[in-house]
Amino acid sequence: MMKFPPRLTLAQRPTPLQPLDRLSSELGGPRIWVKRDDLTGAVTTGNKVRKLEFILARALDEGCDTLITCGGIQSNHCRATAILGAQLGMKVHLILRGERGESVPEGNLFLDYLAGAEVSCYPLREYRQLDQLFAHWQRHYQSQGRKPCSIPVGGSDHTGVWGYIACAEELVNDFQVAGISPAAIVHATGSGGTQAGLTAAMQLSGLPRVIGMAVCDDEAYFTAKFREDLAAWREFYLDIPQVAAFSPDKITCEVNDSYIGPGYAIATDEVFATIRQAASLEGIVLDPVYSGKAFHGMLEEIRKGNFAAASDIVFVHTGGVFGLMAQRDRAGIR
Ligand SMILES: *Cc1c(COP(=O)(O)O)cnc(C)c1O
């Protein structure tokens, strides 16, 4: 067992590992299993709460009372931060990329407001100066006598990495209980923290091959990002023996960037068809921005015969249902 830094208990865990037998037999490939990280909480659903368990523990240890973070207008990370901030009695300020729009906000943005977060929306041109926006709001809260903590996009920093290092210990146990040795673990990669954690766990816990399905940037970007985040993580937690023994240079990063489609948060009709198929055949609800895109990519790889020799494959369902609600007009339901 690995020694962890301070951690709050905010996620419902361990999450279940479940087989999708009807879908697997329809495809005729390996048995597909789902790690149900969409069940980490009703409104804290998804992967971000696992990272925030460590990030917010550190923020509280440092005496912070205000959280500032950023993301897209339908950011799952921002919604999770807004909800958890309210649970902990902390003020939350969100720096969002995009337009709020005239109508009542939808999906994640609706929950941001419901949880009482302060929301500032910026067009892309202004959002690009993210460091300046963070500095501006930092000064704003400091001048009010508050102690703000800035959390980078997706909670993907040297502390957030712990979320999926810890999840990997759950997975190792899940595989033992199910009696399987999966050929690969597949999940959506967006800001990189989930895959950085799971990639580190290949070395730390003997996790099998991890494949991130990119939803925005390309393979070269992510490989550099994992190395950078894991080097910073190692530096910061050097007093933990397993961390000190870890070599960021020896990690193997596998990112598949062929299923990004038209762009970030834009899914093809095929992805929406896969979302409908998973929902109707298995009762699993995926989203068009992350989990549905990644799941669709995994099914395509299986159809191509790229997992022909595998008996089991595991998909980490990283959540996103509120993002689907915000795009329900595109889902082919009339
Ligand atoms: C953020 C997010 C991801 C991607 O995780 P990263 O750690 O940012 O790479 C995947 N799925 C959902 C639903 C997310 O919200």
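The values are calculated or read from the model by the stated rules, or taken from the named source; none is laboratory data. Because the structure is a prediction, the values reported are computed rather than measured. Glycine gets a Cβ as well: all are built from the backbone with ideal geometry, and neighbour counts include every protein chain shown.
Quick notes on this one:
- Filter result for the condition that a residue is aliphatic (A, V, I, L, M) and either within 16 Å of the ligand (Cβ to nearest atom) or touching a helix residue (DSSP H, G or I) at 6+ places or on another chain (Cβ under 8 Å) (or both), over Ile284, Ile240: Ile284
- Residues in the range 63-81 that are aliphatic (A, V, I, L, M) and under 18 Å from Leu133 (Cα atoms) were compared, and the one that is surrounded by the fewest Cβ atoms within 10 Å (Cβ to Cβ) is Ile73.
- When Ile251 is tested against (1) more than 14 Å from the ligand (Cβ to nearest atom); (2) under 19 Å from Asp157 (Cβ atoms); (3) modelled with pLDDT of 95 or more; (4) not small (Gly, Ala, Ser), just one condition goes unmet, and that condition is (3).
- Just one of the listed residues (Gly85, Gly107) is buried (at least 18 other Cβ atoms within 10 Å of the Cβ), over 18 Å from Gly323 (Cα atoms), at pLDDT 95 or above and not acidic (Asp, Glu), and it is Gly85.
- If only residues of the range 111-158 that are within 16 Å of the ligand (Cβ to nearest atom) and of a type outside the set (A, V, I, L, M) are counted, the one that is nearest to the chain's Cα centre (by Cα) is Gly154.
- Within the span defined as the range 209-224, every residue fails to be within 16 Å of the ligand (Cβ to nearest atom) and closer than 17 Å to Phe4 by Cα.
- Complete set of residues in the range 41-54 that are within 11 Å of the ligand (Cβ to nearest atom) and within 16 Å of Glu170 (Cβ to Cβ): Gly46, Asn47, Val49, Arg50, Lys51
- Search result, residues across the range 142-165 that are part of a helix (DSSP H, G or I), in contact with a strand residue (DSSP E or B) (Cβ under 7 Å, 6 or more places away or on another chain) and surrounded by fewer than 20 Cβ atoms within 10 Å (Cβ to Cβ): Gln142
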